[in-house]
Amino acid sequence: MNRINQKLQEDKKLLSIYFTAAFPKINDTVSIIQELEKNGVDMIEIGLPFSDPLADGPTIQESSTIAIENGMTTSLLFEQLKDIRESVQIPLIIMGYFNPMMQFGIEKFCQKCAEVGIDGLIIPDLPLFVYETEYKAIFEKYNLKNIFLISPQTSVERIQQIDAISDSFIYMVSSAAVTGSQSGFGSEQMDYFKRIAHLNLKNPQIVGFGIKDEETFQQATQHQKGAIIGSAFINFLKDNPISDISKFVNKIK
């Protein structure tokens, strides 16, 4: 069974952390992953930096720019991760945009993911229809879960289409804003969380965008299986050494 599916069966709310590979420094990728697992994080999203990250707010955009300036490439990421499964057991997901993956070659990319032990991919700009007709078979061949995003504006019909084609979790964007741009959740977002829970989808949902502390983590997981923290963790890495990651995680959980 894929590690993501195993993790989703655990009887607890899941904390997933996003960070950009090669940020703050080019060789920080593996150390950050190891430190996050050591401190009880349930899943990790590794950001593959891209020059035009449409869904990302200024914090993650800046980290992408720095990572690219540091020399991060798709090939280098796979090189950095080649021995990761000797020390890390939790699910690892690559989050990135379709263009770099297409340039690398989709099947080659998926094959490298399988070789290093990646469990899933989040590709915000890969359309559902294109995935289903052109790439689903390749993803399944390499046991990679493709994780789709929904937002408060996504129609029930589309949510049900995404649920039907998915086989792990649905990434539930908390608002139509970019990442890192809000503080706390209002009644409108809490109603949205409740509304999606009442759809009784077969795939659990994990909430992203706007989670930054214990309060927002609790709000986001009241009706959903887990939450993802990205921008708040990137900001933490800007000002703190990797050895202090325990302080960040302990404030959430």
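The values are calculated or read from the model by the stated rules, or taken from the named source; none is laboratory data. Keep in mind it's a predicted model, so treat the numbers as computed, not measured. In this analysis, Cβ positions are derived from the backbone assuming ideal geometry, glycine residues included, and neighbour counts consider all displayed protein chains. Areas reflect the complete protein model, heavy atoms only, side chains present, ligands, DNA and RNA absent. Shrake-Rupley method; radii C 1.70, N 1.55, O 1.52, S 1.80 Å.
Selection of the range 151-195 for residues being modelled with pLDDT of 95 or more and at positive phi yields an empty set. The set of residues in the range 1-24 being aliphatic (A, V, I, L, M) and either within 28 Å of P204 (Cα to Cα) or assigned to a helix (DSSP H, G or I) (or both) consists of M1, I4, L8, L14, L15, I17, A21. Scanning the range 219-253 for residues that are assigned to a helix (DSSP H, G or I) and under 18 Å from E10 (Cβ atoms) returns A220, V249, I252.
Give the residue that is nearest to L237 (Cα to Cα), with candidates limited to residues of the range 86-115 that are small (G, A, S) and open to solvent by 10 Å² or more (accessible area, probe 1.4 Å).
S87
Within the range 150-172, no residue satisfies the criterion of being open to solvent by 60 Å² or more (accessible area, probe 1.4 Å), touching a helix residue (DSSP H, G or I) at 6+ places or on another chain (Cβ under 7 Å) and assigned to a loop (DSSP other than H, G, I, E, B).
Here the condition is being of a type in the set (D, E) and open to solvent by less than 50 Å² (accessible area, probe 1.4 Å); of D119, D83, it holds for D119 alone.
The criterion of at least 3 residues that are under 23 Å from I242 (Cβ atoms) is met, among helices (runs of 4 or more DSSP H) falling completely within the range 25-121, by 29-38, 58-70, 74-81. Scan the range 182-203 and give yes if some residue there is open to solvent by 10 Å² or more (accessible area, probe 1.4 Å), in contact with a Gly (Cβ under 9 Å, 6 or more places away or on another chain) and in contact (Cβ under 8 Å) with a residue 40 or more places away in the chain, otherwise no. No, every residue in the range 182-203 fails to be open to solvent by 10 Å² or more (accessible area, probe 1.4 Å), in contact with a Gly (Cβ under 9 Å, 6 or more places away or on another chain) and in contact (Cβ under 8 Å) with a residue 40 or more places away in the chain.
Just to be sure before I move on: is D125 buried (at least 17 other Cβ atoms within 10 Å of the Cβ) and touching a residue at least 40 places away in the same chain (Cβ under 8 Å) in the structure I sent? When the stated conditions are applied, D125 does not pass them. Across the range 140-149, a minimum of one residue is classified as assigned to a loop (DSSP other than H, G, I, E, B), open to solvent by less than 30 Å² (accessible area, probe 1.4 Å) and either modelled with pLDDT of 95 or more or more than 27 Å from T59 (Cα to Cα) (or both).
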